[in-house]
C-alpha cells in the first residue's frame, strides 16, 4: 500500500527507505490461479487426443 501512496524515486532502495517488504497474496487469488492452471492442463491434454 505504501508504494501506491508514496513516490519512490529509486525502487531498488525501497527497503532502506521504508523497511522490509512483505508481499501478500489473498487466498482467493491463489485458488483462482490454481484453478486456471488445472483448466489449462486439461485443455492441453484434450488437444493431444
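Computed quantities for the displayed model
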item: Unique residue being part of a loop (DSSP other than H, G, I, E, B) and modelled with pLDDT of 75 or more when the list is 30, 38, 25; result: 25
item: Pair list, Cβ under 9 Å, 6 or more apart: the range 34-48 residue surrounded by 10 or more Cβ atoms within 10 Å (Cβ to Cβ), other residue modelled with pLDDT of 85 or more and assigned to a helix (DSSP H, G or I); result: none
item: Test for residue 18: is it out of contact with any strand residue (DSSP E or B) (no Cβ under 6 Å at 6 or more places or on another chain), at pLDDT below 70 and surrounded by 10 or more Cβ atoms within 10 Å (Cβ to Cβ); result: no
item: Restricting the range 1-15 to residues that are surrounded by 10 or more Cβ atoms within 10 Å (Cβ to Cβ) and at pLDDT 70 or above, the residue that is farthest from the chain's Cα centre (by Cα); result: 13
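The values are calculated or read from the model by the stated rules, or taken from the named source; none is laboratory data. No experiment lies behind these values; they were computed from the predicted model shown. In this analysis, Cβ positions are derived from the backbone assuming ideal geometry, glycine residues included, and neighbour counts consider all displayed protein chains.
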